[in-house]
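> Have a look at this one.
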Amino acid sequence: MGNLMNAAADLGVDSCWIHRAKEEFESEEGKEILKTLGIHGDYEGIGHLVLGYAAAPRKAAAPRKDDYVYYVR
């Protein structure tokens, strides 16, 4: 999914990963959709990727903080 998002960004297309496909295709309605599409077997949904163009330009990222470090012990 990450590679698809990188490829979309390279083409100037925005994307959004929606991590809900597993629950969706485990429902009765989801199983019916898979059946209608002719998808059978032990497949598991992971996520959906929405593609499109942003309505407004992307905001610049906030500057990183100097000397801002967390130590986990």
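The values are calculated or read from the model by the stated rules, or taken from the named source; none is laboratory data. Because the structure is predicted, anything quoted here is derived from the model rather than measured. As a convention, Cβ positions derive from the backbone with ideal geometry for all residues, glycine included, and neighbour counts pool all protein chains shown. The protein model used for the area step is the full one, side chains on, heavy atoms only, and it has no ligands, DNA or RNA in it. Shrake-Rupley method; radii C 1.70, N 1.55, O 1.52, S 1.80 Å.
> Could you identify the single residue in ILE39, ILE33, ILE46 that is modelled with pLDDT of 90 or more, part of a loop (DSSP other than H, G, I, E, B) and either at positive phi or open to solvent by 50 Å² or more (accessible area, probe 1.4 Å) (or both)?
That would be ILE39, the only listed residue that is modelled with pLDDT of 90 or more, part of a loop (DSSP other than H, G, I, E, B) and either at positive phi or open to solvent by 50 Å² or more (accessible area, probe 1.4 Å) (or both).
> Then there's this: Give just the number: which of (1) assigned to a loop (DSSP other than H, G, I, E, B); (2) of a type outside the set (Gly, Ala, Ser); (3) surrounded by 10 or more Cβ atoms within 10 Å (Cβ to Cβ) does GLU24 not satisfy?
Against the list (1) assigned to a loop (DSSP other than H, G, I, E, B); (2) of a type outside the set (Gly, Ala, Ser); (3) surrounded by 10 or more Cβ atoms within 10 Å (Cβ to Cβ), GLU24 comes up short only on (1).
> Restricting attention to the range 11-24, which residues are of a type in the set (A, V, I, L, M, F, W, C) and under 16 Å from the mean Cα position of the chain (by Cα)?
VAL13, CYS16, TRP17, ILE18, ALA21
> Could you pull out the residue among ARG58, ARG64 that is open to solvent by 100 Å² or more (accessible area, probe 1.4 Å) and closer than 19 Å to ALA8 by Cα?
Step by step, each of ARG58, ARG64 is checked, and only ARG58 is open to solvent by 100 Å² or more (accessible area, probe 1.4 Å) and closer than 19 Å to ALA8 by Cα.
> Out of the range 3-22, which residues are free of Cβ contacts under 8 Å to residues at least 12 places away in the same chain and within 22 Å of TYR43 (Cβ to Cβ)?
Correct list: ASN3 only.
> Mind checking whether some residue in the range 5-20 is in a loop (DSSP other than H, G, I, E, B), loosely packed, with under 10 Cβ neighbours inside 10 Å and out of contact with any Phe, Trp or Tyr (no Cβ under 7 Å at 6 or more places or on another chain)?
Yes, that holds for at least one residue.
> Right, next: Could you give me the residue pairs with C-beta distances under 9 Å whose first residue belongs to the range 51-73 and is part of a loop (DSSP other than H, G, I, E, B), whose second residue is not hydroxyl-bearing (Ser, Thr, Tyr) wherever it lies, and which are 6+ apart or on separate chains?
TYR53/GLY12; TYR53/VAL13; TYR53/ASP14; ALA54/ASP14; ARG58/ASP14
> Restricting attention to the range 49-73, report how many residues are modelled with pLDDT of 90 or more and aromatic (Phe, Trp, Tyr).
1
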